[in-house]
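Reviewing the structure listed below.
The values are calculated or read from the model by the stated rules, or taken from the named source; none is laboratory data. What you are looking at is a predicted structure, and each value in this text was computed from that prediction instead of being measured. Neighbour counts run over all protein chains shown; Cβ positions are idealised from the backbone, glycine included.
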Amino acid sequence: MKRLVARELTLSFVPDAEQRLWRTVTRKKYQLRRDRVRLHNQLESLLEEAHIKLSSLVSDLLGASARRMLKALADGETNPAALAHERLRATPEQLCDALGACTDLKPVYRRLLKMALEQFQFLEQQIGQLDQELATLLHPHQDAVHQLAEVPGLGVDSAQQIIAEVGPTAATFPSREHLSSWVGACPGDEESAGINYSHRSPKGNRHMRRLLNQTANAAVKVKGSIFEIIYRRCVPRLGHNQAIGVIAHRQCRLIWLILHKGTLYEERGPAVTKRSKYQRTWRMIRQLQRLGYRIESLNPQPS
């Protein structure tokens with residue numbers, strides 16, 4: 001109590017009611033996506049148990065062709081291979097071989113498959129509703145969403161989650177070092193008697209740590225970006241995990257600059273061309289427009 005009166009204690013970050021509502025929506029959407037992945041794994045296990053090897057021939061078990069075949073299989077069709085899209089790489093012979101067990105498939109497997117597909121459809125509807133709900137809630141801060149989404153590795157969805165966690169201007173954090181420390185994306189400093197025993201990062205905010213780990217792994221795959229250059233420079237010495245930590249730390253500091261000071265991101269990697277920048281910007285703008293945001297200007301497409 002004496003330390004509290006003397007203002008020697010650092011109070012925890014408690015966001016306002018509006019931001020807590022944003023967090024509730026984004027974290028609920030994350031839980032639904034985890035449920036979707038879990039259901040996807042259960043569906044694949046069910047097909048394997050029924051001796052249906054469709055997952056070995058399609059890249060996405062819930063893609064358009066695969067879903068049509070699975071729906072027909074659940075409805076009692078014995079030859080769903082005919083519903084495959086013509087652009088599917090698997091040949092009709094391969095599909096017939098993978099779906100050969102459909103002729104004598106037990107009815108219980110068809111009912112279980114139908115239940116799984118209905119659950120998938122329900123989860124996707126809920127995720128879509130939460131997308132629209134979050135876009136409405138964050139509509140006053142669409143400029144911040146747009147600026148964050150331009151960073152390699154991030155996107156509209158990641159930008160919305162970041163704003164929900166740290167606020168639209170990151171006003172609670174006086175510096176980028178404070179934000180990195182709160183997130184847990186900076187090196188630790190366990191020192192005693194002048195000896196540093198560990199550089200392990202603090203625990204921090206687990207939602208932001210998860211998000212930055214995902215965005216850092218995505219950023220290092222963007223060809224020609226500065227994050228790819230830094231990753232390739234660090235990975236021989238630090239290994240993959242620590243190199244990703246370096247990228248996440250840089251992204252966290254960049255997020256503070258964009259939100260707190262309104263800095264615009266400018267890619268300075270050597271392999272970035274005008275056409276690649278246009279294509280990335282156009283994809284992001286289309287995603288923003290689907291969520292109801294209004295984008296007024298767009299540079300003409302380069303030849």
>> Being in a helix (DSSP H, G or I), farther than 30 Å from H207 by Cβ, modelled with pLDDT under 85 and not assigned by TED's automatic domain parsing to the domain that holds I163 narrows it down to one residue among R67, R111, R89; which is it?
In response: R67
> So which residues in the stretch 36-62 are under 30 Å from P168 (Cβ atoms) and crowded, with 16+ Cβ neighbours inside 10 Å, if there are any at all?
Replying inline: R36
> Restricting the search to the stretch 172-193, which residues are at pLDDT below 85 and hydrophobic (A, V, I, L, M, F, W, C)?
Replying inline: A185, C186, A193
> In the set A149, A164, which member is in the same structural domain as I244 (by TED's automatic domain parsing), farther than 30 Å from A64 by Cβ and surrounded by 15 or more Cβ atoms within 10 Å (Cβ to Cβ)?
Replying inline: A164
